[in-house]
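A.B. asks: Mind looking over this structure? Questions follow.
The values are calculated or read from the model by the stated rules, or taken from the named source; none is laboratory data. The structure displayed is predicted, hence computed values, not measured ones. Note: ideal-geometry Cβ built from the backbone for every residue, glycine included; neighbour counts use all protein chains shown. Ligands, DNA and RNA are excluded from the accessible area calculation, which covers all protein heavy atoms including side chains. Shrake-Rupley method; radii C 1.70, N 1.55, O 1.52, S 1.80 Å.
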Amino acid sequence: MSDTAAGAEGGLDTAEAQRRLRAVGPNRIAEHHETPLWRLALAQFRSLVVLLLLAGAAIAGALDEWAEAIAILAALLLNATIGFLAEWRARVSLARLRALAVPHAIVRRDGHLARIAALELVPGDVVVLEAGAAVPADARLLRSAALQVDESALTGESAAVWKDAAARPAPDAPLAERVNVVHLGTAVLGGSGLALVTATGPATELGRIGQLVASTGRRATPLERQVEALGRRLIVLALAICAVVGLAGILHGEPIGLMLETAISLAVAAVPEGLPAVLSLALAAGLWRLAGRGALVRRLAAVETLGSTTVICADKTGTMTENQMTVVIVALAGRRIHVGGGGRSTIGSFMDGHDVLAPLADPHLTLLLAAGALCNDASLRPAIDGLHLLGDPTEAALLVAAGKAGLEPAELARAWPRRREIPFDPARRMMVTFHLMPGSAGARAGTPVLLAKGAPGAILELANRVHTADGPVALSEAGRAHLLEQNRALAAEGLRVLALAWRPVDVIEDGAVDDLVFLGFVGLLDPTRPGVKDAIASCREAGIRTVMLTGDQQLTAETVGRQLGLEPEAIRSRVSPEGKLDLVKELQARGEVVAMTGDGVNDAPALVRADIGVAMGRHGTDVARESADLVLTDDNFATIVEAVKEGRVIRANLRKVIHFLFSCNLSEILTIFVAILLGYPSPLLPLQILWVNLVTDILPALALIWDPADPEIMERPPLDPAEALITWRFGARILGEGALLAAGVLGTYLWVVWNHGPGAPAATMAFMALVLIHPFQAMSCRSTRLNWWQLPPNPWIPLSLIALLALQWMAVELDPLASLLGTVPLTRADWLALASGVLWPVAVLEALKAWGRYTSLGLPDPTPAPPREDSVTTTPRKS
C-alpha cells in the first residue's frame, strides 16, 4: 500500500507497517555506550612513561631483583587506581545518561487510532500530535491547528516555532525555517496536528547528528600529548645512560654483570617513578575542587586542558542566555518601561527612566500586564530552582511579567473568567480571548471584554483607538505609522515584539474582533545569564577569546553580543551542527586549544571534537552531557572562568612538580655517575633509588600540588599549547640545579669515604642526604624568581620535611627496614655533616634568585605578554 493510498485518514495497515519495520529497523537512535570498566582501567596504563616503568619492572624481575620489580608495580597500580576512581566517580555522579527518546506514539493504523511503542514507527505512519507530547519521528505535517513546537535542542532558537501544514519552504531551507515538518527530539508546546512520518531512527535529523557525533574523533589533551613527548625523551635518556655507564665500567675492568645492574639502576633513577601517580593526584585534586564549584569533570586529563584554553566557543541559547523568553520592555503611551529580573522568577523591577514604578499604582500598565496574562494558555509551577514554565515560552514570559507586578495569574483568571477564545492562527497572527470584567476594572461587574495579543501589524490594523491615562483616544493614520515605526525600532534592538489591545463588547462572537483599543507593545528576548558579561571580560583579561555561536538570526545574535561586550566579528549566527564542528576544527588547525560550551543536541559534535567540551548539567540535553568532558551542574557560564583558573593553577603546580622531580632525579644520576667515574662504588642501591622515587619524592611533590594560586594567574595569556613540558631553557635550569644538589650529596658521601672508606656508612649518608634535600628543593621550586619566604605560606612543605625526617629515622633505626634498604645508624657527627651537605646547595639556589632579581632591577621584561586577540579573524596562533 502506498503512502498516498493509505491517506491521512487511514494510515498504514498492520501488515505493511511490519514489513517496513523489518526493512528500516526500529525507530531508535544509536545509544551511547559507556566505556567498560575494564577498558577504563587499562586506559590508565597507556602512557609511554607508564610503559617505560613496566619495562623497568620486567627487567628487574628478570635479574631476580623482585623487591625493585614489586615496588615499581605497586607505584603503577597506585597511579592506575587514582585515575580509575576519579573517572568512575564522575560517571556515577552524572547518573545514567540516556539518549533522547519517546516511549509511545499515537498513530493511525488500520483506519483507527492506536497507541504503540515509538520504536515501532515506520516511514508512512500517520501520527497525532498534541500539546505536551514529544515528537516521535521526523514527519511532514498533513494538518495543523495553532501548532507550536520547541525546537531549541536542535536549532538553538529559544522562541517557539509555529508550524503550518500548508507552508511550502524551499527544499534547501535551514532546519529552523522548515515550518511544515516536525523532528524527533522536539516537543509540542501548543495546538495539534497530524503528520506523515518521513524518517525514523538514524535517518532523522537527530539520528544524523548522532552519527556525526560518533564519527567525530576526540583529540588527546595538551597534557596527554606533552606527557607522551616526555616519555619518548625519557626512553632515549634511559637507553643513553645504560650505554654510557655500562661501557665506561667495562672499560675500567668492572664485571659485566655488575655494570649491567648499575646501568639499569641509573636508568631507573632517570625515570621519576612517582610522576604518573603525582600527575593523577594533581588532576584528581583539581577534579574534586571543581566539583565543589559546580563543575563535574568526566575525563581526568581534561582538568589541565582548561588551563591551556585559548578560545571558548560558546553556544548562545541556554549557555550565555537563559533559554527562556523574558519581557524586558513595555512601551505604552509614549513611555518606555524597563522590566528587570530573570525569566524564571517573579522577582523584578519596573523602571521608567531612573524612576522605580509601583506597577499596581499605574492603571494603564496594570491593564496591559493583566491582558497579557489573561490572553494566555501557559502556566507556572513552583520548582526548587525557580519557576517551572509550561506552554509557549512567550506566553510564559507574559505570566512572569505579570507576577513581577504583583498580579497573580490564578487570581486574575478567577476575577476575569474566560468565556471564549479564538486560538492563534498564523494567518491572523493573533490570539483573542473573551472575559467578564470584575467590578473594579472601571466598569460594572460582568461586562464582556475582548483581549487580544499578536503581531504588531495585525493588531494595529484592527485598532482605531489608543488607550491613554484619560481613556481611549482616536488613532490617526499618522499615529498608526508612528507606532509601527516604534515597533521597528524595538525589533532592531533584537527584541521579539508583541502588541496588546482590548475593548468592551456587547456580544461575545468572532465578529467583535474589530475597533480595538491599542494598549501597548511588549518587547521580549532571551536574557543573558547573570555573570556572563563579567566572565567574558575575565577571559579577555586572561588572553582567552570568546566566540558566540547560535542558530538565531544575525540581528538577534548581535544584540546579545553587544550586551555581553562582544564584537560583531566574534559572533556566528545561523550555525548548523556541521558549522560548529567545522569552526572548532578550523581553530584547532591554527594551533588553538578550544573549549566548546553547549546544551543542545546540535552542539554535541562540536563538544566531542573540542579539546574540552563543556555541557550544561541542569537544563542541557542528555546528548550534550554525554558528549562533554566537563558538565556545569549550575549551568553558569561564569563557572567556566573558575574552571579555567583551576586548570591554570594545576598546570602551574604540575610544572613545579616536574621541576622538583626531574632536578632531584638528575641529582641521583649525577651522584651515582660521578662516584663511579671517581672509582668508587655506587653510593645508592637500586632499592634505595626506588625508595627515594616512590616514597620520599611523593610527599614534597604532593605539597607542591596544593601550592596556593598566584594572584595574577588570570592576568597572563595562556601558555603555548605546543610548548613541551620541559623546554631547553627549563631543562638547562633543571640541569644546573640537579648538579648543585648532587654536589651537596656527593660532599657528604665523600666526607665519609675519605674518613672511613666506602661502605654502608658512606652509602647511608648519601641516601639520607639525597632524601632530606628534597623538601628544601621543593620550597625552591615554588618560584624561579622569588625566594620561598616571599611567597604565600604553604604549610604542606614543612609537614613533608617532618614526615621525611621520621621516615628516614625509621630507615636507619628500625632493623627490618634498615636491613631491606642496606642502611646503618648514624652518629651525631654524621647528622651534623648531613645538615651541612643538605643546606648549603639550597642556600646557594636562593642566593642566585636574589642576585637575579637585583641585577634585573629597572630592566624591561624580556618576555612581554603577546597582544590579546579578541576576534576569530585575527592572526592565527602558530602551532
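A.B. asks: Any idea which residue in segment 707-727 is least open to solvent (accessible area, probe 1.4 Å), counting only those that are among the hydrophobic types (A, V, I, L, M, F, W, C) and more than 25 Å from HIS774 (Cβ to Cβ)?
C.D. replies: ILE713
A.B. asks: From ILE773, ILE726, grab the single residue that is among the β-branched types (Val, Ile, Thr) and either in contact with a His (Cβ under 7 Å, 6 or more places away or on another chain) or outside any helix (DSSP H, G or I) (or both).
C.D. replies: ILE726
A.B. asks: Something else about it: Based on what the data block shows, is LEU735 touching a helix residue (DSSP H, G or I) at 6+ places or on another chain (Cβ under 7 Å), in a loop (DSSP other than H, G, I, E, B) and either open to solvent by 10 Å² or more (accessible area, probe 1.4 Å) or at positive phi (or both)?
C.D. replies: Here the answer is no, as LEU735 does not meet what is asked.
A.B. asks: Follow-up. Among the listed residues ILE508, ILE544, which satisfies the condition of being modelled with pLDDT under 90 and among the β-branched types (Val, Ile, Thr)?
C.D. replies: One residue alone meets the criteria, ILE508.
A.B. asks: Look at GLY747 and say whether it is open to solvent by 30 Å² or more (accessible area, probe 1.4 Å) and under 15 Å from ALA835 (Cβ atoms).
C.D. replies: Here the answer is yes, as GLY747 does meet what is asked.
A.B. asks: Another question about this same structure. Collect the residues in segment 308-359 that are among the hydrophobic types (A, V, I, L, M, F, W, C) and over 20 Å from LEU399 (Cα atoms), keeping them in residue-number order.
C.D. replies: Of everything in segment 308-359, those that are among the hydrophobic types (A, V, I, L, M, F, W, C) and over 20 Å from LEU399 (Cα atoms) turn out to be VAL311, ILE312, CYS313, ALA314, MET320, ALA333, VAL356.
A.B. asks: Moving on. Quick one: is ALA165 modelled with pLDDT of 80 or more and open to solvent by 10 Å² or more (accessible area, probe 1.4 Å)?
C.D. replies: Considered against the rule, which asks whether it is modelled with pLDDT of 80 or more and open to solvent by 10 Å² or more (accessible area, probe 1.4 Å), ALA165 comes out as yes.
A.B. asks: For segment 117-158, give me each residue that is touching a Ser or Thr at 6+ places or on another chain (Cβ under 6 Å), among the hydroxyl-bearing types (Ser, Thr, Tyr) and open to solvent by 30 Å² or more (accessible area, probe 1.4 Å).
C.D. replies: None - no residue of segment 117-158 is touching a Ser or Thr at 6+ places or on another chain (Cβ under 6 Å), among the hydroxyl-bearing types (Ser, Thr, Tyr) and open to solvent by 30 Å² or more (accessible area, probe 1.4 Å), so the list stays empty.
A.B. asks: I've got another one for you. Listed residues GLY591, GLY598, GLY613, GLY579; which is surrounded by fewer than 24 Cβ atoms within 10 Å (Cβ to Cβ), in contact with a strand residue (DSSP E or B) (Cβ under 9 Å, 6 or more places away or on another chain) and of a type in the set (Gly, Ala, Ser)?
C.D. replies: Result of the check over GLY591, GLY598, GLY613, GLY579: GLY579.
A.B. asks: Checking LEU306 against (1) under 30 Å from ARG655 (Cα atoms); (2) surrounded by 19 or more Cβ atoms within 10 Å (Cβ to Cβ); (3) without any contact (Cβ under 8 Å) to a residue 40 or more places away in the chain, which single condition isn't satisfied?
C.D. replies: With (1) under 30 Å from ARG655 (Cα atoms); (2) surrounded by 19 or more Cβ atoms within 10 Å (Cβ to Cβ); (3) without any contact (Cβ under 8 Å) to a residue 40 or more places away in the chain applied to LEU306, the lone miss is (3).
A.B. asks: Go through segment 682-707 and give me each residue that's aromatic (Phe, Trp, Tyr) and under 39 Å from the mean Cα position of the chain (by Cα).
C.D. replies: Scanning segment 682-707 gives a single hit, TRP706.
A.B. asks: Here's something else I'd like to know. Please tell me if ARG562 is under 19 Å from GLU205 (Cβ atoms) and surrounded by fewer than 23 Cβ atoms within 10 Å (Cβ to Cβ).
C.D. replies: So ARG562 does not fit the description; no.
A.B. asks: Mind telling me which of the residues LEU300, LEU296 ends up being modelled with pLDDT under 75, farther than 18 Å from GLN588 by Cα, of a type in the set (A, V, I, L, M) and not in a helix (DSSP H, G or I)?
C.D. replies: LEU300
A.B. asks: What are the pairs, 6+ residues apart or on separate chains, where a residue within segment 806-831 that is within 16 Å of LEU770 (Cβ to Cβ) has its Cβ under 8 Å from a residue that is among the aromatic types (Phe, Trp, Tyr) and open to solvent by 30 Å² or more (accessible area, probe 1.4 Å)?
C.D. replies: ALA811/TRP691; LEU821/TRP691
A quick yes/no check of all residues on (1) open to solvent by less than 40 Å² (accessible area, probe 1.4 Å); (2) acidic (Asp, Glu); (3) under 19 Å from HIS364 (Cα atoms):
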site: GLU485; (1), (2), (3): no, yes, no
site: ALA489; (1), (2), (3): no, no, no
site: GLU493; (1), (2), (3): no, yes, no
site: LEU498; (1), (2), (3): yes, no, yes
site: ARG503; (1), (2), (3): no, no, yes
site: GLY511; (1), (2), (3): no, no, no
site: LEU519; (1), (2), (3): yes, no, yes
site: PRO530; (1), (2), (3): no, no, no
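A.B. asks: Can you tell me which residue within segment 195-219, out of those that are in a helix (DSSP H, G or I) and aliphatic (A, V, I, L, M), is modelled with the lowest pLDDT?
C.D. replies: Top of the filtered list is ALA214.
A.B. asks: How many residues are open to solvent by less than 10 Å² (accessible area, probe 1.4 Å) and over 14 Å from ILE773 (Cα atoms) if we restrict to segment 656-672?
C.D. replies: Total meeting the criteria: 4.
A.B. asks: Limited to segment 401-424, what total is found for residues that are over 15 Å from ALA370 (Cβ atoms) and open to solvent by 60 Å² or more (accessible area, probe 1.4 Å)?
C.D. replies: 4
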